[in-house]
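K.L.:
For reference, the structure I am asking about is given below.
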Amino acid sequence: MSYTSTYKAANTVAAKIEQHFIRLHQNAASQGEVDLASQPDRKTIEALIDVAFWSSLRKEEGHSPRISVAFLPPSQTSKPLKFAKPLPLNANTLTKIAPGIERSGIHLGVWEENGELYIWGTTLNIPNFCFVVDVSEPGLIVIKHRRIYGIGKYTNVAVLKGEQIRIVDDTSCTNRDCPPILKALLDLTVLASWNDPINILIQFSVSMRGHGRGGALLIVPKENTKWKDSIIQPIQYLIEPPFCGLSNLAKQSGNQTEIFSQGALRREVEHLAGLTAVDGATIINDQFDLIAFGAKIGRAKGKPTVEQIAFSEPIVGGEDKLLYPGQLGGTRHFSVAQFVNDQPDAIGLVASQDGHFTIFSWSKQQKMVMAHRIETLLL
């Protein structure tokens with residue numbers, strides 16, 4: 001391949017990403033999986049990241065490009081939209097075509113012929129483990145792949161922000177108490193259906209982070225009301241009876257109306273996740289019934305003030321730390337950490353206005369609240 005990259009981070013990370021996809025394919029082959037996407041080599045990975053990065057810094061009619069580039073031939077997808085003539089793969093081409101393909105779910109197809117990469121068209125469907133490069137915002141590139149069973153959010157492999165490289169460590173849960181949502185984001189858990197509870201929480205997290213106002217979500221056991229001891233009464237926005245729009249969809253089974261139901265699920269998630277922007281915490285139970293929003297958290301009677309939390313981030317080189325809650329964020333982080341400390345059966349999700357996203361859960365192993373920072377997995 002004659003392409004020469006000029007984005008240093010692309011060259012730095014390409015070999016590591018190549019090894020990641022080699023391991024994915026080896027593991028899948030050993031388990032009898034078929035119909036996998038073609039493996040990208042190091043030069044291809046480097047070239048696609050380089051082109052995506054430089055296009056992200058350009059603008060077309062005042063707008064920065066937001067595009068998803070997938071490495072596959074037209075033969076590996078269904079109903080591809082093919083150009084009459086292949087387009088050259090460069091930053092100028094991506095910038096020009098970006099306004100027409102920026103909607104979610106559309107991928108620009110790239111393949112190699114005679115040693116050169118070219119753009120052949122677009123597709124809405126890509127095979128398992130397909131290598132994807134997303135331009136999320138100027139200078140921010142996300143490398144990801146489609147999950148083996150195609151359910152839920154794509155699995156992130158690395159995030160590049162300028163010269164900053166963050167490679168996801170998919171072994172980070174090996175010796176830790178990790179909540180199910182984190183295991184799923186690391187592709188360690190099979191999501192069985194479109195309305196799998198963990199998939200719903202992942203969508204919730206993406207939506208909470210997406211509205212950009214910051215927010216807190218508390219997930220409490222349906223059959224246990226002890227959590228009320230940690231909420232200041234009265235609750236201003238208490239829902240009576242609990243709203244069950246999302247919980248009803250979570251209980252559906254069968255595939256006859258799956259496409260319609262997935263759309264309905266997204267709308268319900270957006271509806272409830274939007275409430276987290278209101279000052280205070282939104283409370284749902286583990287069946288996804290909405291109980292309240294704008295709730296104020298207080299320390300339960302007889303419970304100690306949380307003084308330390310364990311912190312981790314699932315990236316290569318990330319180290320476990322013991323932090324004071326105030327080191328992680330402001331009042332929202334401290335109050336949710338206190339809530340989980342008082343109510344260890346609960347889980348707390350906190351989105352910050354700066355884009356950080358943290359899961360708070362009780363670690364039986366460490367006997368303390370653990371904060372998992374996961375925005376690298378949500379992009």
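The values are calculated or read from the model by the stated rules, or taken from the named source; none is laboratory data. Predicted model, so just to flag it, every value in this text is computed and none were measured. All Cβ positions, glycine included, derive from the backbone under ideal geometry; neighbour counts span all protein chains shown. Areas reflect the complete protein model, heavy atoms only, side chains present, ligands, DNA and RNA absent. Shrake-Rupley method; radii C 1.70, N 1.55, O 1.52, S 1.80 Å.
K.L.:
Just give me the residues in region 363-372 being in contact (Cβ under 8 Å) with a residue 24 or more places away in the chain and open to solvent by 10 Å² or more (accessible area, probe 1.4 Å), in sequence order.
P.N.:
Lys364, Gln365, Gln366, Met368
K.L.:
Restricting to region 171-184, name every residue that is crowded, with 20+ Cβ neighbours inside 10 Å and either assigned by the TED database to the domain that holds Val350 or among the β-branched types (Val, Ile, Thr) (or both).
P.N.:
The answer is Ile181, and nothing else.
K.L.:
Got a number for residues in region 36-51 being part of a helix (DSSP H, G or I) and either touching a helix residue (DSSP H, G or I) at 6+ places or on another chain (Cβ under 7 Å) or without any contact (Cβ under 8 Å) to a residue 40 or more places away in the chain (or both)?
P.N.:
Residues meeting the conditions: 6.
K.L.:
Scanning for something in contact (Cβ under 8 Å) with a residue 24 or more places away in the chain, open to solvent by 30 Å² or more (accessible area, probe 1.4 Å) and farther than 29 Å from Asp320 by Cβ, does region 149-161 turn up at least one residue?
P.N.:
Yes, there is a match, as at least one residue in region 149-161 is in contact (Cβ under 8 Å) with a residue 24 or more places away in the chain, open to solvent by 30 Å² or more (accessible area, probe 1.4 Å) and farther than 29 Å from Asp320 by Cβ.
K.L.:
Check region 307-315 and report whether any residue there is open to solvent by 10 Å² or more (accessible area, probe 1.4 Å) and more than 25 Å from Lys364 (Cβ to Cβ).
P.N.:
There is no residue in region 307-315 that is open to solvent by 10 Å² or more (accessible area, probe 1.4 Å) and more than 25 Å from Lys364 (Cβ to Cβ).
K.L.:
Just give me the residues in region 52-96 being over 25 Å from the mean Cα position of the chain (by Cα) and part of a loop (DSSP other than H, G, I, E, B), in sequence order.
P.N.:
Arg58, Lys59, Glu61, Gly62, Pro73, Ser78, Lys79, Pro80, Leu89, Asn90
K.L.:
Moving on. State all residues of region 273-284 that are of a type outside the set (Val, Ile, Thr) and open to solvent by 10 Å² or more (accessible area, probe 1.4 Å); if no residue qualifies, say none.
P.N.:
Selection gives Gly274, Leu275, Ala277, Asp279, Gly280.
K.L.:
Of Glu18, Glu33, Glu61, which residue is touching a helix residue (DSSP H, G or I) at 6+ places or on another chain (Cβ under 6 Å) and of a type in the set (D, E, K, R)?
P.N.:
Glu18
K.L.:
Could you tell me whether any residue of region 207-226 is within 19 Å of the chain's Cα centre (by Cα), of a type in the set (Lys, Arg) and open to solvent by 50 Å² or more (accessible area, probe 1.4 Å)?
P.N.:
Yes, the conditions are met somewhere in region 207-226.
K.L.:
Go through (1) hydrophobic (A, V, I, L, M, F, W, C); (2) on the phi < 0 side of the Ramachandran plot; (3) in contact with a Ser or Thr (Cβ under 9 Å, 6 or more places away or on another chain) and name the single condition Ile231 misses.
P.N.:
With (1) hydrophobic (A, V, I, L, M, F, W, C); (2) on the phi < 0 side of the Ramachandran plot; (3) in contact with a Ser or Thr (Cβ under 9 Å, 6 or more places away or on another chain) applied to Ile231, the lone miss is (3).
K.L.:
Further question: Output the residues belonging to region 52-82 that are over 18 Å from Arg103 (Cβ atoms) and free of Cβ contacts under 8 Å to residues at least 40 places away in the same chain.
P.N.:
Result: Arg58, Lys59, Gly62, Ser75, Lys82.
K.L.:
Residue by residue through region 101-122, note down the ones that are under 16 Å from Ser38 (Cα atoms) and of a type in the set (Ser, Thr, Tyr).
P.N.:
If the condition is that a residue be under 16 Å from Ser38 (Cα atoms) and of a type in the set (Ser, Thr, Tyr), then Tyr118 is the only one that fits.
K.L.:
Residues being within 18 Å of Ser78 (Cβ to Cβ) and open to solvent by less than 30 Å² (accessible area, probe 1.4 Å): count how many of those fall in region 107-138.
P.N.:
Going through region 107-138 one residue at a time, the tally reaches 14.
K.L.:
Of the residues that make up region 97-106, is at least one open to solvent by less than 40 Å² (accessible area, probe 1.4 Å), touching a residue at least 40 places away in the same chain (Cβ under 8 Å) and either within 20 Å of Val13 (Cβ to Cβ) or touching a helix residue (DSSP H, G or I) at 6+ places or on another chain (Cβ under 9 Å) (or both)?
P.N.:
Checked region 97-106: at least one residue is open to solvent by less than 40 Å² (accessible area, probe 1.4 Å), touching a residue at least 40 places away in the same chain (Cβ under 8 Å) and either within 20 Å of Val13 (Cβ to Cβ) or touching a helix residue (DSSP H, G or I) at 6+ places or on another chain (Cβ under 9 Å) (or both).
K.L.:
Just need a number here: residues in region 104-142 that are under 14 Å from Lys82 (Cα atoms), part of a strand (DSSP E or B) and among the polar types (S, T, N, Q).
P.N.:
The qualifying residues number 2.
K.L.:
Select from region 321-353 the residues that are among the acidic types (Asp, Glu) and surrounded by 20 or more Cβ atoms within 10 Å (Cβ to Cβ) and list them in ascending order.
P.N.:
Listed by number, the list holds a single entry, Asp342.
K.L.:
Take Leu238 and decide whether it is at pLDDT 90 or above, touching a strand residue (DSSP E or B) at 6+ places or on another chain (Cβ under 8 Å) and surrounded by 19 or more Cβ atoms within 10 Å (Cβ to Cβ).
P.N.:
For Leu238, the condition - at pLDDT 90 or above, touching a strand residue (DSSP E or B) at 6+ places or on another chain (Cβ under 8 Å) and surrounded by 19 or more Cβ atoms within 10 Å (Cβ to Cβ) - is not met.
K.L.:
What pairs come up if the first residue lies in region 278-303 and is within 19 Å of Met208 (Cα to Cα), the second is open to solvent by 80 Å² or more (accessible area, probe 1.4 Å) and not in a strand (DSSP E or B), and their beta carbons are under 6 Å apart, counting only those six or more places apart or on different chains?
P.N.:
Every condition considered, the pairs that remain are Gly280/Lys296; Asn285/Lys222; Asp286/Lys222; Gln287/Lys222; Gly294/Gln236; Lys296/Ile232.
K.L.:
Would you point out which residue out of Gly318, Gly298 is surrounded by fewer than 18 Cβ atoms within 10 Å (Cβ to Cβ), farther than 12 Å from Ser230 by Cα and not assigned by the TED database to the domain that holds Thr155?
P.N.:
Criteria check complete, one pass: Gly318.
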